[in-house]
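Report on one structure; see the data block that follows.
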Amino acid sequence: MKNIYLIGFMGAGKSTIARELVKMKDAKRIEMDQMIVDQQGMEISDIFEKYGETYFRDLETELLRSFLGKENMVVSCGGGSVLRDENAALMKENGCIVLLKATPETIYERVKNSTDRPILNGNMNVEFIRELMEKRRERYETVADITICVDGKEKQEVCREVLAALGE
């Protein structure tokens with residue numbers, strides 16, 4: 001099986017859908033953000049604060065390179081991981097990119113109590129989320145092989161749609 005790279009805005013459900021897909025596909029689940037936290041020994045917000053966003057994006061690129069040649073993985077990507085052309089190319093070379101799409105209101109409801117979203121710190125509101133989503137929307141849609149809307153759907157329904165779109 002080709003790898004499945006789940007992309008989308010923070011709170012779109014990448015981790016949740018990845019957990020469910022691996023049960024349905026008997027695949028290996030990869031949480032990019034968690035792998036980086038484990039490798040660096042610090043939280044993402046601390047990496048951003050201490051080293052900056054560019055350093056963090058470099059870590060994402062290196063991690064994606066390490067997946068080349070591996071198969072049968074469902075990868076939950078960080079929300080900004082496809083902002084780099086190189087990252088998107090690495091994903092496409094090694095699998096299929098699935099965009100999980102949600103409204104700003106859905107995203108807000110899912111992340112409003114979270115403290116580990118460094119880009120939203122001090123900006124936890126629907127309007128800021130909408131603006132940031134709009135800045136990323138074209139990029140997400142351009143790199144995605146498949147787009148699935150998650151609003152109002154149960155995780156199993158989203159997974160069935162992903163698998164159907166993949167022809168499985």
Under a Cβ-Cβ cut-off of 15 Å, what is the net charge of the residues other than E161 that fall near it, where Lys and Arg count +1 and Asp and Glu count -1? 0
Full extension from L163 to T61: what is 0.36 nm times the residue separation minus their Cα-Cα distance, to one decimal in nm? 34.1 nm
Helix-only estimate, please: 222 nm mean residue ellipticity of the chain, summing -39500 (n - 2.57) across DSSP H runs of length 4 or more and dividing by its residues, to the nearest 500. -16500 deg cm²/dmol
Amide H partners (placed H, <5 Å) of I4, local residues excluded: M73, V74, V75, C96
Restricting to Cα pairs below 8 Å that are 6+ residues apart, what does the relative contact order work out to for the chain? Please round to a whole percent. 33 percent
Scoring only Lys, Arg, Asp and Glu (+1, +1, -1, -1) among other residues with Cβ under 13 Å from the Cβ of V22 yields +4
The local net charge around M91, scoring Lys/Arg +1 and Asp/Glu -1 for residues other than M91 whose Cβ lies under 12 Å from its Cβ, equals -1
Positive-pole candidate from C149, L68, Q34, dipole of region 3-156, charges at beta carbon: C149
Using alpha-carbon positions, the gyration tensor of the chain gives root eigenvalues a ≥ b ≥ c; with a/c under 1.5 called rounded, otherwise prolate if a/b exceeds b/c, else oblate, the class is oblate
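Where a number appears in this text, it was derived from the coordinates with a stated rule and is not lab data. Just so it is clear, the structure is predicted and the values come from calculations on it, not from any experiment. All Cβ positions, glycine included, derive from the backbone under ideal geometry; neighbour counts span all protein chains shown.
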